[in-house]
Amino acid sequence: MVKPMLRSRSKKNVQVKTPGGRTVTHYNKKRPGKKTCGRCGSVLGGVPSDISSVIRNMAKSEKSPTRPYAGVLCAGCVKRLVTYTARFEVKNKYPEYADMELQRDLTIEKFLPAGWYSSLSTK
Ligand SMILES: [Zn+2]
């Protein structure tokens, strides 16, 4: 009989054949799900999804990409966020673009620091 703590379904039971020919059960930790983008929900590339003891031994460059918002937003959403903020910056900085119509997108602004819009208009 196995230990009562190992009878839980929160462990992944794996049948392993030993060199002596016996079949034994190994009780491994379950692997977590894949990391997804906070805005669109697509699976993030370059971000490992494994138990923390495995990720801890990885190199820093293996854990996530080096661009801003890595591990939070996908590459497409980061591109949209950068162009979105750049458009507002141009509108506030140059008077010839002052009448440009821009729609606020709260799904992108959710990831910007608080007060980013008010800091643009004061300059
Ligand atoms: Zn996304």
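Any read-out appearing in this document is the output of simple, stated calculations on the displayed coordinates, not a laboratory observation. Keep in mind it's a predicted model, so treat the numbers as computed, not measured. Neighbour counts are summed over all protein chains in view; Cβ atoms, including those assigned to glycine, are modelled from backbone coordinates with ideal geometry.
Assorted remarks:
- For segment 46-80, filtered to residues that are among the basic types (K, R) and away from the ligand (no atom under 15 Å from the Cβ), the residue that is surrounded by the most Cβ atoms within 10 Å (Cβ to Cβ) is K63.
- Condition check for P48 on (1) outside any helix (DSSP H, G or I); (2) over 30 Å from S10 (Cβ atoms): one failure, at (2).
- Residue match in segment 15-34 (condition: surrounded by 15 or more Cβ atoms within 10 Å (Cβ to Cβ), within 11 Å of the chain's Cα centre (by Cα), within 27 Å of E109 (Cα to Cα) and within 16 Å of the ligand (Cβ to nearest atom)): no
- Listed conditions (1) touching a residue at least 60 places away in the same chain (Cβ under 8 Å); (2) touching a helix residue (DSSP H, G or I) at 6+ places or on another chain (Cβ under 7 Å) are all met by G38, apart from (2).
- Looking across segment 22-45 at every residue that is in a strand (DSSP E or B) and among the aliphatic types (A, V, I, L, M), the one that is nearest to C77 (Cα to Cα) is identified as V43.
- Residue match in segment 58-70 (condition: farther than 25 Å from P113 by Cβ and assigned to a loop (DSSP other than H, G, I, E, B)): yes
- Checked against (1) in a helix (DSSP H, G or I); (2) more than 16 Å from the ligand (Cβ to nearest atom), Y84 meets all criteria but (2).
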